[in-house]
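J.: This structure is in structure tokens; I'll ask about it shortly.
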Amino acid sequence: MPIDTTLRDALSAVTTASLARALMRRGLGACVPRGLRRRTGGTRAVGAAVTMRLIPARDEAGPSLAEAVEAVPEGAVVVIDAGGAGSALPFGAILAERLLRRGAAGLVVSGALPVGGSLPVWDCGEAPALAAPGLVLAGTNEPIGCAGAAVHPGDIVVGDGHGVAVVPPTIAEVVAFEAVEQQRLDLWILRAVENGGSLAGLLPPDEAALARFRAETENR
């Protein structure tokens with residue numbers, strides 16, 4: 001499902017750290033993957049999740065990974081459960097390049113990919129760079145676990161230099177607004193400290209600090 005332009009702009013303007021704080025305040029820590037880092041490509045990605053689940057290969061063949069990649073819509077962020085740290089995504093560099101050519105916004109993998117390429121990628125980065133074909137596709141567009149986070153098809157995935165946040169679409173607008181406000185407040189606190197202000201009442205901000213923040217930023 002395409003993401004509303006205004007919502008996309010808001011999510012593109014905030015850090016995943018701010019989104020994570022907004023999600024955790026709602027008890028949604030399971031929407032924040034752990035241990036992922038940006039490895040290649042651009043600095044940000046925002047897109048609807050297309051999920052894939054890989055399991056260790058046995059004798060039987062699984063669904064076609066190539067066909068699953070060819071079905072990814074433009075603008076999507078592909079999220080793959082590849083078994084966690086220590087697992088290398090089969091043919092990862094090739095798959096990432098094809099996703100880039102298909103117009104995918106990014107790739108998130110609970111495993112590792114070789115370094116290189118232009119597609120924004122977040123992975124565990126702990127497996128050898130040379131991927132071996134030891135995993136097989138077991139399912140697509142179903143709820144998965146990726147780096148400790150629950151990811152459902154259609155969730156909005158945001159990735160930046162801090163990591164990745166997964167935002168359920170039903171609360172995306174309010175979470176984006178809260179993240180924008182959190183960043184404005186964080187910036188205001190930083191400016192107050194730069195101007196010699198004490199941390200007392202600022203971390204966390206008390207009612208007096210919040211009142212000053214609103215008064216000084218209300219019309220900006």
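J.: Could you check segment 93-127 and list, in sequence order, the residues that are touching a Lys or Arg at 6+ places or on another chain (Cβ under 7 Å) and at positive phi?
T.: 125
J.: Does residue 191 satisfy the condition of being touching a helix residue (DSSP H, G or I) at 6+ places or on another chain (Cβ under 7 Å), not polar (S, T, N, Q) and not assigned by TED's automatic domain parsing to the domain that holds residue 39?
T.: no
J.: Oh, and also: Would you be able to say whether some residue in segment 53-65 is at pLDDT 95 or above, over 16 Å from residue 157 (Cβ atoms), aliphatic (A, V, I, L, M) and not assigned by TED's automatic domain parsing to the domain that holds residue 179?
T.: No.
J.: Considering segment 3-43 alone, what residues qualify as being within 30 Å of residue 86 (Cβ to Cβ) and among the charged types (D, E, K, R)?
T.: Those that are within 30 Å of residue 86 (Cβ to Cβ) and among the charged types (D, E, K, R): 21, 34, 37, 38, 39.
J.: Of all residues in segment 157-172, count the ones that are more than 9 Å from the chain's Cα centre (by Cα) and at pLDDT 95 or above.
T.: 5
The values are calculated or read from the model by the stated rules, or taken from the named source; none is laboratory data. Here the structure is a predicted model, which means the values were calculated and not measured. Using ideal geometry, Cβ is built from the backbone for each residue, glycine included, and neighbour counts are taken over all protein chains shown.
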